[in-house]
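Down below is the structure, laid out as structure tokens.
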Amino acid sequence: MRTSAFALVALISSHVAESFVNLHYPNIPNVKGQPSSLGMTANPASSTFLTPELAKSCIDVAGGSPTYAYSLASLEASADSCLAFPNAYGLTVRYAAKACPNGSILKFFSSKGIQIDASSGYEVRRVIAAGIPPEHISLSSQELPQDFAELIDMGVKVNACSVSQLERIGKIYAGKGQKVGIRVNPGVGSGGFSKSTTSFSKTNVGGPSSSFGIWHTLVEDGTVPAIVEKYGLVVERIHTHIGSGSDPVIWQQVAQKSLSFCEVWDTVMTLNLGGGYKVGRVEGEKTTDLQEIGKPVADAFKEFAKAHGRELKLEIEPGTYLVAMAGALVTTVQDKVFTTGDGSHTFLKLDSGMTEVLRPSLYGAIHPITILPGSGKSEDIGEETEDVIISGHCCESGDILTPKPGEPEDLEERSLRKAEIGDILVVDGSGAYCSGMSSKNYNSFPEAPEVLIDKEGNVHLIRARQPLEQVYQNEIDVHDKIF
């Protein structure tokens, strides 16, 4: 059942004014509290949560465009959805901080009782600097940091993601009964840009083409248990994560297999099933129904408890699901050019691009795009549309925001409101893996600012634009004689 936008915001906060409801959720449908996609309408009156007036306010508060903008109401709605994930014996939701690591967003999720999934030692330190207690942080990293022992001693929960990582942890804590987690590659993946569960996809982090986690046969053949026994480690957590596709059938199969790894050690009390829950950014893309995939998992936990006498706690690690549709990139059309003949196009050039949103260039990812009048006035929205290619500002042929879906090397025109130089262009679905995964500083463009829109519609600066001097401040001159 599709609920009205007004009903959704009423659920979010009974104190939100009716005018703000109309401002932030302009007829955007939402299913069961899930992050909502934006229909591919050529000439909408607003983006997912930005009217022309609010978009202009974001630019003004940020001191110009481009800027990232985040909706606190949307963040809260997605947080509440994740916290309602079905579970049998207890749930910990961990925000995948890499999705968008701004301190204000970390603090907000922490205030909701959501803990943190970190992917590097540096990320752990950044999260701690934001005021998150170390004991609320779990680290699963491709590179075990040099100071991992210090992090463990602080209370950070470290998962061994390879045999060598487990050996390194064991050597430091030999005979001390140190508690550890084991990340296992269960043999399948679920990447958002690939239908295969075993072949390579950039967004698969499970299966034989993925280096993430300890290959499952090393658990099954006794290799990992032997290392654990040699060093007297105590395995308290099993961790698996298969990628960003989150196919319900695959996810449930992996959950069942992951429970089999919990059988290996009777000390395991927590199973972390990762995240990667798909969010439909545009019409036609499906958003994962957390209740649908969670209920069979909760039942499987109950069956495990009956068979083994252990009531396992569940952990999940959403990133995209929590922030993708709660964020937008607000840019300005700074030029407009055209070509003629076969293969010709009209191009809108932005004051932004892969320096802020890399996903289209990297994956061929599709984002909702809305053009709003540069005046910031709703009455100035025109009716004329045109087919265009959206180009970024980098001196890089791949800096395109309108690729063919899943094909970053191909272009595909988008039908949008006819734009003029100076108009505002909003790239929705930019809350996840945009600010945190940009190619910032390419062509020496400074890092863009970030703003947060509170539930009353007020705009707050949560990261200032990077001064140009910071781009090159770590460079060191050498003596001229070496040239």
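Key figures
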quantity: Number of positions in the range 57-94 that are assigned to a strand (DSSP E or B), over 22 Å from HIS460 (Cα atoms) and open to solvent by less than 10 Å² (accessible area, probe 1.4 Å); calculated: 2
quantity: Boolean, ILE227 is outside any loop (DSSP other than H, G, I, E, B), at pLDDT 75 or above and open to solvent by less than 60 Å² (accessible area, probe 1.4 Å); calculated: yes
quantity: LEU362 in a strand (DSSP E or B), aliphatic (A, V, I, L, M) and either surrounded by fewer than 23 Cβ atoms within 10 Å (Cβ to Cβ) or on the phi < 0 side of the Ramachandran plot (or both); calculated: no
quantity: Residues of the range 262-290 satisfying the condition of being within 26 Å of ILE116 (Cβ to Cβ) and open to solvent by 60 Å² or more (accessible area, probe 1.4 Å); calculated: MET269
quantity: Residue selected from the range 231-274 under the condition of a type in the set (Gly, Ala, Ser) and either at pLDDT below 90 or closer than 15 Å to HIS216 by Cβ (or both), by the criterion farthest from the chain's Cα centre (by Cα); calculated: SER260
quantity: Residue count, the range 450-464 (criterion: within 16 Å of CYS434 (Cβ to Cβ) and of a type outside the set (Asp, Glu)); calculated: 4
quantity: Leading residue by the ranking (modelled with the highest pLDDT) among those in the range 162-187 that are part of a loop (DSSP other than H, G, I, E, B) and either open to solvent by less than 10 Å² (accessible area, probe 1.4 Å) or touching a His at 6+ places or on another chain (Cβ under 8 Å) (or both); calculated: PRO186
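Residue by residue, here is whether (1) at pLDDT below 95; (2) touching a strand residue (DSSP E or B) at 6+ places or on another chain (Cβ under 6 Å); (3) not aliphatic (A, V, I, L, M) holds:
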site	(1), (2), (3)
ALA42	yes, yes, no
THR51	no, no, yes
LEU54	no, no, no
CYS58	no, yes, yes
GLY63	no, no, yes
THR67	no, yes, yes
ALA77	no, no, no
PRO86	no, no, yes
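The values are calculated or read from the model by the stated rules, or taken from the named source; none is laboratory data. Note that this is a predicted model, so its numbers are computed, not measured. A quick note on method: Cβ atoms are made from the backbone with ideal geometry, for glycine too, and the neighbour counts reach across all protein chains shown. Just the protein is used for accessible areas: all its heavy atoms, side chains included, with ligands, DNA and RNA removed. Shrake-Rupley method; radii C 1.70, N 1.55, O 1.52, S 1.80 Å.
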